[in-house]
There are 2 protein chains.
Amino acid sequence: MRFFFSTDIRSNDIHLAGDEHRHLSKVLRVRPGEEVLVLDGAGALYTSELKYSDRNESVLKIQSVDRSEAANERDHLVIAPTKNQSRMEWLVEKCTEMGLAEISFLRSARSEKTKLKEDRIERIAQSALKQSGNRFLPKINFELPFDSALELAADHKYIAHCIEGRSREALKVTSGSNLILIGPEGDFVETEVEAALEKGFRELTLGDNRLRTETAGFYVVSAVQALRSI
Amino acid sequence: MRFFFSTDIRSNDIHLAGDEHRHLSKVLRVRPGEEVLVLDGAGALYTSELKYSDRNESVLKIQSVDRSEAANERDHLVIAPTKNQSRMEWLVEKCTEMGLAEISFLRSARSEKTKLKEDRIERIAQSALKQSGNRFLPKINFELPFDSALELAADHKYIAHCIEGRSREALKVTSGSNLILIGPEGDFVETEVEAALEKGFRELTLGDNRLRTETAGFYVVSAVQALRSI
């Protein structure tokens with residue numbers, strides 16, 4: 001099944017502009033009356049038919065809608081961006097496929113000063129949504145200061161690090177939401193870990209392997225899902 | 001720590017050729033007498049010093065060697081290659097970081113006829129090894145027929161598929177080695193699943209998300225590790 005993406009829904013019409021419009025009208029040459037499936041990234045799958053395409057947009061008439069409820073257990077990955085944007089694009093694609101609820105890019109003491117291309121990352125997430133048929137786009141926060149990350153609410157809060165001599169635990173997943181912080185290549189500094197502990201975080205180890213940042217991110221998202229399903 | 005990779009070890013000397021030689025001599029301009037760390041991908045970490053670099057190679061004198069034992073629990077991912085080679089390169093990189101023992105590319109009924117660039121994939125694995133500091137390169141089999149995959153030995157054998165109406169179980173990890181088959185985008189055909197069941201495989205679900213092939217592959221490798229560490 002091929003899906004389109006739009007959040008521009010007015011009364012009974014869905015409007016597609018930009019790439020989605022061009023893809024529908026110029027590449028697939030969908031004709032008025034043909035069926036089109038549209039995701040809004042917020043739980044709805046619309047079955048619609050094309051009313052018309054003009055130069056600027058395609059307008060679809062909604063025929064039915066199927067709404068999913070968001071999962072109760074919303075997991076949130078907070079990760080320091082790598083210098084190489086493509087590694088973060090890859091991570092967003094994979095987290096979208098996996099149905100992660102929220103991803104934030106962290107500004108910590110040793111974070112790279114990466115200026116992420118927000119539009120491009122949003123498009124990659126939309127594209128992964130359409131490809132996977134998932135109903136929910138992850139919420140993406142492009143710049144989250146470390147202090148703000150510590151104030152986030154979750155049932156279980158973890159800070160992953162590799163600082164030697166500190167006691168860390170393996171990931172356990174019980175019911176409830178998880179908030180997991182992954183540091184930059186240079187790791188968190190010890191004062192950051194201490195500050196997190198004061199806010200109720202637990203120290204997390206991801207095992208003996210020295211993982212790249214984005215690998216650690218996807219590993220954690222996979223691990224939470226695997227542990228939840230047993 | 002920066003590592004080099006070589007399997008060309010003769011008595012007390014390590015020989016580096018090709019890219020490794022050029023990187024050491026031309027990029028890093030290592031001088032005779034300087035220390036160089038070398039991984040052989042088979043468990044050894046050599047501490048050595050440069051004897052000399054000439055036009056064709058660099059020769060290192062071994063000073064000490066630290067050997068790791070291979071994990072007892074050797075997991076093996078068998079996966080149908082995607083048409084897009086870069087997605088398989090990415091998977092090999094990630095599996096190497098994670099310390100997977102073996103990865104095979106499967107030729108099944110609906111596999112893409114992908115001709116993988118073997119040299120390039122081997123280099124990517126070596127590069128991920130050096131980056132992660134892991135001691136063991138995954139063994140990579142570039143073309144494994146489906147019938148041969150069914151004859152492979154492991155303590156626990158799974159075939160992951162999405163065929164509707166069939167009963168599948170979630171991944172459980174107990175002690176012992178795991179062999180996991182991931183099919184092509186078009187999935188396994190039912191006769192393949194039946195043949196696997198006869199050989200002692202169990203039917204596996206990876207959850208409700210429609211994952212790309214390489215995402216499913218890395219998810220499984222992560223899940224095994226997460227489940228083993230609880």
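The values are calculated or read from the model by the stated rules, or taken from the named source; none is laboratory data. Computed from a predicted structure; not experimentally measured. Every residue, glycine among them, receives a Cβ derived from its backbone with ideal geometry; neighbour counts consider all protein chains shown. Please note that ligands, DNA and RNA were not included when accessible areas were found on the heavy atoms of the full protein model with its side chains. Shrake-Rupley method; radii C 1.70, N 1.55, O 1.52, S 1.80 Å.
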| said: Can you tell me which residue is surrounded by the fewest Cβ atoms within 10 Å (Cβ to Cβ) among those in the stretch B:1-18 that are hydrophobic (A, V, I, L, M, F, W, C) and more than 18 Å from B:Phe136 (Cα to Cα)? | reply: B:Ala17
| query | Would you say A:Asn209 is within 25 Å of B:Leu129 (Cα to Cα), among the polar types (S, T, N, Q) and either more than 17 Å from the chain's Cα centre (by Cα) or outside any helix (DSSP H, G or I) (or both)? | reply | yes
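For (1) at pLDDT 95 or above; (2) more than 14 Å from A:Pro138 (Cβ to Cβ), each residue gets a yes or a no:
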position: A:Ala70; (1), (2): no, no
position: A:Asp75; (1), (2): yes, no
position: A:Ile79; (1), (2): yes, no
position: A:Val92; (1), (2): yes, no
position: A:Ser104; (1), (2): yes, no
position: A:Arg110; (1), (2): no, yes
position: A:Thr114; (1), (2): no, yes
| How many residues does the stretch A:77-88 hold that are open to solvent by 20 Å² or more (accessible area, probe 1.4 Å) and either within 14 Å of chain B (Cβ to nearest Cβ) or basic (Lys, Arg) (or both)? | 4
| Among the residues of the stretch B:178-230 satisfying the criterion of being touching a residue at least 60 places away in the same chain (Cβ under 8 Å), out of contact with any His (no Cβ under 7 Å at 6 or more places or on another chain) and among the acidic types (Asp, Glu), which is nearest to the other protein chains (Cβ to nearest Cβ)? | B:Glu214
| task | Working carefully through the options B:Lys115, B:Lys83, B:Lys61, B:Lys51, find the one that is free of Cβ contacts under 8 Å to residues at least 12 places away in the same chain and outside any helix (DSSP H, G or I). | result | B:Lys115
| remark: Subset of the stretch A:183-199, residues touching a strand residue (DSSP E or B) at 6+ places or on another chain (Cβ under 6 Å) and open to solvent by 10 Å² or more (accessible area, probe 1.4 Å), comes to none
| Can you name the number of the only condition in (1) open to solvent by 50 Å² or more (accessible area, probe 1.4 Å); (2) within 14 Å of chain A (Cβ to nearest Cβ) that B:Tyr52 fails? | (2)
| remark: Taking first residues from the stretch A:131-146 that are within 13 Å of chain B (Cβ to nearest Cβ) and second residues anywhere that are among the acidic types (Asp, Glu) and open to solvent by 20 Å² or more (accessible area, probe 1.4 Å), the pairs with Cβ under 6 Å that are 6 or more apart or on different chains are A:Pro138/A:Glu102
| message | Suppose we filter the stretch B:64-80 for residues that are under 20 Å from B:Lys130 (Cα atoms) and part of a loop (DSSP other than H, G, I, E, B); how many remain? | response | 4
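Residue by residue, here is whether (1) of a type in the set (S, T, N, Q); (2) open to solvent by less than 10 Å² (accessible area, probe 1.4 Å); (3) in a loop (DSSP other than H, G, I, E, B) holds:
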{"residue": "B:Leu106", "(1), (2), (3)": "no, yes, no"}
{"residue": "B:Arg110", "(1), (2), (3)": "no, no, yes"}
{"residue": "B:Ala153", "(1), (2), (3)": "no, no, yes"}
{"residue": "B:Ser167", "(1), (2), (3)": "yes, no, yes"}
{"residue": "B:Ser175", "(1), (2), (3)": "yes, no, yes"}
